[in-house]
Amino acid sequence: MKFISWNVNGLRAICDKNALEWLRDEKADFVGFQEVKASEDKFPKDIYNLGFEHINYNCAKRAGYSGVMSLSNFKSEVFKCEFAPDDEGRVLEHRFKNIALFNIYFPNGQQNEQRLQYKMKFYEDFLLYLKKLQKEGLEVIICGDVNTAHKEIDLTHPKANAKTSGFLPIERAWIDSLLENGFLDTFRMINGDVKEKYSWWSYRARAREKNVGWRIDYFFISKGLESKLKDAFIRTDIFGSDHAPVGIELDI
């Protein structure tokens, strides 16, 4: 099965650019969008013409903000955020087989200290929930914009950003904790320590053209799925957002 995750930075904007056409030929079983920035009544019609059997969404109460959407070709039991209040529309959880699949737009902590604390609480509550699912015997797939680069290799200017939210020690330590609790960074599993592979670039100063970026979009899987992982990739050839799509292939 092929899984894709993409922070589209505005569903309507990306459809106006005809930037979803590549998905018709991708033959993905699941696509998770983050930061859709639209309510159901404002979803572009293009979304319903991509050939997916199921469309689920969790929209923010605030108009034009956050929100996630999942497109899939398999049946699943779908939940919104089960571990915290979610007025910002950040989580969709899909249950199928013995798997919990998460499509998540994690908070950004750059605005101020309050938002950073909100982000860290979200991280902590999510990890506690994951531990609960592990105890229940479920395997887990996590995809989305995590809004943190894990290691120095995951961004172009680590020293310059050492005090910037998105690369703070406390944020990076949470990813350490995730891995210590039995989760795997699929991109690093497949690609090792390959350098200069990023999933987000600022719109400023021709950052994408120069490949001055950050790897902040991930697929994590639980240890029990390790032998099922066949590929993990970043589609830097796909444009339309300030993020590139990321994906995995699992033999499940």
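The values are calculated or read from the model by the stated rules, or taken from the named source; none is laboratory data. Note that this is a predicted model, so its numbers are computed, not measured. With ideal geometry, Cβ positions are generated from the backbone for all residues, glycine too; neighbour counts draw on all protein chains shown. Quick note on the areas: whole protein, heavy atoms, side chains included, nothing else; ligands and nucleic acids left out. Shrake-Rupley method; radii C 1.70, N 1.55, O 1.52, S 1.80 Å.
Just to confirm, what accessible area per residue do you get for region 2-250 at 1.4 Å probe, in whole Å²? All intermediate terms of the calculation are to be shown ahead of the outcome.
Values: 11490 Å² over 249 residues.
For region 2-250, the per-residue accessible area is 46 Å².
Would you mind calculating the relative contact order of region 1-99 from Cα pairs under 8 angstrom and at least 6 residues apart, reporting the percent as a whole number?
With pairs under 8 Å counted, the relative contact order is 25 percent.
Tabulate in residue order the Karplus-calculated ³J(HN,Hα) for region 228-234, using 6.51 cos²θ - 1.76 cosθ + 1.60 with θ = phi - 60°, rounded to whole Hz; enter x for Gly and Pro.
8, 6, 10, 7, 8, 8, 10
Please build a GNM for the chain, connecting alpha carbons under 10 Å apart, and tell me which residue among CYS59, CYS15, CYS143 fluctuates the most.
Evaluated over the chain, the most mobile residue of the options is CYS15.
Rounded to whole Hz and in sequence order, give me ³J(HN,Hα) for region 58-75 from the Karplus expression 6.51 cos²θ - 1.76 cosθ + 1.60, θ = phi - 60°, writing x for Gly and Pro.
9, 9, 6, 5, 7, 5, x, 9, 6, x, 10, 9, 10, 10, 8, 10, 9, 6
Taking loop as defined by DSSP and a crowding limit of 15 other beta carbons within 10 Å, which chymotrypsin sites (Phe, Trp or Tyr not before Pro) in region 139-205 fit?
Numbers: sites: PHE167, TRP174, PHE183, PHE187, TYR198, TRP200, TRP201, TYR203; in loops: PHE167, TYR198, TYR203.
Of the chymotrypsin sites (Phe, Trp or Tyr not before Pro), the ones in loops of region 139-205 whose Cβ has at most 15 other Cβ atoms within 10 Å are TYR203.
Need one number: % antiparallel among DSSP beta bridges in the chain, to the nearest 5.
DSSP beta bridges in the chain are roughly 75 percent antiparallel.
Provide the FRET efficiency to the nearest 0.05 for the ILE170-ASN211 pair, computing r from the beta carbons and using R0 = 30 Å.
0.65
Of the trypsin sites (Lys or Arg not before Pro) in region 95-172, which ones lie in a loop per DSSP and count no more than 11 other C-beta atoms within 10 Å? Can you show the working numbers first?
Details: sites: ARG95, LYS97, ARG115, LYS119, LYS121, LYS131, LYS132, LYS135, LYS151, LYS159, LYS163, ARG172; in loops: LYS97, LYS151, LYS159, LYS163.
The qualifying sites are LYS97, LYS159, LYS163.
Given an 8 Å cut-off on Cα distances and at least 6 residues of separation, report the relative contact order of region 163-244 as a percent.
33 percent
Among SER177, SER199, SER70, determine the one that fluctuates most according to a GNM of the chain built with springs between C-alpha atoms less than 10 Å apart.
In this elastic network of the chain, the residue with the biggest mean-square fluctuation among SER177, SER199, SER70 is SER177.
Any chance you could get the radius of gyration and Dmax over the Cα atoms of the chain, in Å?
16.8, 48
Need one number: nm distance between label points at LYS223 and ILE153, each 7 Å from Cα along Cα→Cβ, rounded to one decimal.
2.2 nm
Hey, what did the chain get for relative contact order, percent, Cα under 8 Å, at least 6 apart?
That works out to 19 percent.
Can you tally the lysine pairs in region 1-78 where the Cα-Cα distance is under 14 Å and the two residues are eight or more apart, or on different chains?
Pairs that pass both the separation and distance tests number 4.
Would you calculate a helix-derived [θ] at 222 nm for the chain, using -39,500 (n - 2.57) for each DSSP H run of n ≥ 4 and dividing by the full residue count, to the nearest 500?
Helix contribution divided over all residues of the chain: -6000 deg cm²/dmol.
Show me the trypsin sites (Lys or Arg not before Pro) within region 1-38 that DSSP assigns to loop and that have at most 14 other Cβ atoms within 10 Å of their Cβ.
LYS17, LYS27
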